[in-house]
Amino acid sequence: MASATNSIDGDTADWIGAQHVFFVATAPSGAGGHVNCSPKGGDTLRVLGPTTIAYVDYTGSGVETIAHLRDNGRICVMLCAFDGPPRILRLHGTGAVVLPDDARFADLLSRFGRAPLGVRAVVVVEIDRVARSCGYGVPRMAFEVERRELTEWGEKKGSEGVARYWRDKNARSIDGLPGV
């Protein structure tokens, strides 16, 4: 049933690429901070190598993942099979936030095709544990369509409006850690 390795093989990379949703979990250092789990969707996750993944981080209502990664780097990315054979995959590792002013940003973002307004960062994760489990308790669900609301929101705000939103809403995490 459950197994763990330290790298992503070709079949697992292909399966990751076929998923429509994944989740990222992070937590701040020390006691008392809030653990965060964020759903991610769209064509925003890439396997860059056997121990490296990256995903596009879009503007959100909070900035917990970025703040936690800047604090301690710890992250777990989880994917579930909602169709086909049951499967859960957890990718444990250390994440780095690559912001638009970073020299690596354009190259990383180019791996995802056209990105809408509102891309805050690309998160690169160095994987040290790949854990598989059965997923028998995950329901089967059918994918319908990607949502357009985030793209429309960014287009309506424009680049200056998105930057203002980041300053107003994404400067600090709920625990007061620096965001963007």
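Here, each number is a calculation from the coordinates, and none is a lab measurement. Keep in mind the model is a prediction, meaning the values are calculated, not measured. Cβ coordinates were reconstructed from backbone atoms using ideal geometry, including for glycine residues, and neighbour counts include every protein chain displayed.
Where nothing but the Cβ of Lys and Arg (+1) and of Asp and Glu (-1) is charged, how large is the charge dipole of the chain around its Cα centre, in debye to the nearest 20? Before the final figure, lay out the partial values.
On the way: 21 positive and 21 negative charges, 50 e Å.
Dipole of the chain, to the nearest 20 debye: 240 debye.
Once you have a ≥ b ≥ c as the square roots of the Cα gyration tensor eigenvalues for the stretch 77-180, tell me rounded if a/c is under 1.5, and otherwise prolate or oblate according to whether a/b is larger than b/c. Walk me through the intermediate numbers first.
Details: a/c = 1.98, a/b = 1.52, b/c = 1.31.
Prolate, since a/c reaches 1.5 and a/b exceeds b/c.
Dividing the mean sequence gap of close Cα pairs (under 8 Å, 6+ apart) by how many residues the chain holds gives a relative contact order of 27 percent.
Taking the Cβ of Arg167 as the centre, find all other residues whose Cβ is under 13 Å away and add up their charges (Lys, Arg: +1; Asp, Glu: -1).
Details: positive: Arg120, Lys157, Arg164, Lys169, Arg172; negative: Glu160, Asp168.
Net charge around Arg167: +3.
Can you give the net charge of the other residues whose Cβ lies under 12 Å from the Cβ of Gly176, counting K and R as +1 and D and E as -1? It works out to a net charge of -2. Here the stretch 1-106 is treated as a Stokes sphere of Kirkwood radius computed over C-alpha pairs; at 37 °C and 0.692 mPa s its diffusion coefficient rounds to 221 µm²/s.
Using helices alone, what [θ] at 222 nm do you get for the chain, with -39,500 (n - 2.57) per DSSP H run of 4 or more residues, divided over all residues and rounded to the nearest 500?
Working: 4 runs with 44 residues, N = 180.
Helices in the chain give a 222 nm mean residue ellipticity of -7500 deg cm²/dmol.
Work through the residues other than Ala131 whose Cβ is under 13 Å from its Cβ and net out their charges, Lys, Arg +1 and Asp, Glu -1. The answer is +3. Note on the stretch 1-104: dipole from Cβ charges, positive end direction compared against Val24, Leu48, His68; the farthest Cα belongs to His68.
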